[in-house]
Amino acid sequence: MPREPDNIPDETFRLLLARGLGPVTIAKLTDHFQSFRKVVSASADELARIHGITARSAASIRHAITETDPGGERQAMNRVGARLIAYGDDDYPAMLAAIQSPPAALWIRGTLQKTDRMALAIVGSRRCTAYGREQAGRFSSLLAQCGLVIVSGGAVGIDAEAHRGALRVGGRTIAVMGCGLARCYPSQHADLFEQIVAAGGALVSALPMQSQPKARHFPSRNRIIAGLSLGVLVVEAARRSGALITARRAGQEQGREVMALPGRVDSPASAGCLAAIRDGWAALVGDPTDVLAQLDASSHLVRGALEAAGHPDARSATTLFAGNLTPAQKAVLAAIEDAQRPLQVDQIAAKTGLPVSAIMADLTLLQIRGRIQKDHEGVRVRR
């Protein structure tokens, strides 16, 4: 279970809150002293005896630790109901723990679950087009219904639509913040963030509660987005966008599957996605089925996550996405199973009495879940 503020020792807060101490330095200090308490009580001279830490750095570390305010951090956490998971805790996210130099701790509002190992990051431009907004919501909704947890950065544009798409269908979504959880950035997303928590998702930050949303915080925030996920889908991105940098590093540094959605060839908003596909470091995806196929191809990630989640069948990624069918989906599937030959949509409508628009949506989900296949002859059960 994440640690409640009142159960976190002062020395833990002091080390995590010390200005300028990143995960590499914290790991070096704790490896040397073997406890947070000994690190915090060490003198500057003792700190300077550690290989790679100069006398000047040791004095800065000593000063930074002294200047922290554990009580203020506790109060800020209690005000918003935040908790903390430190690296090494049993419930620290397994996918994130596997990256190089993972965050020393995560501040959390809401809940993280073991099934969050099956997560997809959806990222893209803040200045998205109507096409990008629509596709982010569509992919997010369909993939959330298939069992994937949707991870994004809570920003305006593609990020927000990815979160909303998951929420619309009752799916789980995680927003990774570029500020402390006592801040709301962007301010217009206050309601969205509350909806994420209320729906059982989570707001996550590697920054102390009062940290401002500064530019230098966002590269590490982007590493966390990718680190929590099996793969990264870029919906819309210009050539020099942060989303594109996030995706490329996810593939190169973290071994994640990287996918991109194509857009208009004359749209600057899609120029980055098209370049990534052309240069071969992002796979082209046209619908959610392609995303699941890409994740299935990345067997070392997907199957490992399935096994870690205790799923009974780790042979194929698609087995996780079977999910429970709605009554309408069961009716559509039964009609297809009873037929001696492939059916057209109007024939399914006649058999089930369901509207064509609803059937089209259910057919998409059944196809993603591997239950049916569609071709020029119609729809049939997948054998």
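At-a-glance table
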item	result
Candidates per trypsin sites (Lys or Arg not before Pro) in region 1-71, loop by DSSP, up to 14 other Cβ within 10 Å	Arg19, Arg49
Förster radius 35 Å - calculated FRET efficiency between Ala59 and Asp6 (Cβ-Cβ, nearest 0.05)	0.65
For region 47-57, Karplus couplings with θ = phi - 60° (6.51, -1.76, 1.60), whole Hz, Gly/Pro x	5, 5, 7, 6, 4, x, 10, 7, 4, 5, 5
Trypsin sites (Lys or Arg not before Pro) within region 212-295: DSSP coil, no more than 14 neighbouring Cβ in 10 Å	Lys214, Arg239, Arg240, Arg264
Estimated dipole of the chain in Debye, rounded to 20 [Cβ of Lys and Arg +1, of Asp and Glu -1, Cα centre]	540
Ordering of 331-341, 225-235 by burial proxy (mean other Cβ atoms within 10 Å per residue, highest first)	225-235, 331-341
Ratio Rg/Rh, restricted to region 5-78 and using Cα atoms, in which Rh is the Kirkwood radius	0.97
Degrees separating the helix 23-33 axis from the principal Cα axis of the chain, which is the longest one	50
Share antiparallel - DSSP beta bridges, the chain, percent rounded to 5	40
Share antiparallel - DSSP beta bridges, region 108-308, percent rounded to 5	15
Förster radius 25 Å - calculated FRET efficiency between Ala190 and Arg382, Cβ distance, rounded to 0.05	0.05
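All of the numbers you see were taken from the coordinates with simple rules; none came from a lab. Computed from a predicted structure; not experimentally measured. Glycine also receives a Cβ, built like all others from the backbone with ideal geometry; neighbour counts cover every protein chain displayed.
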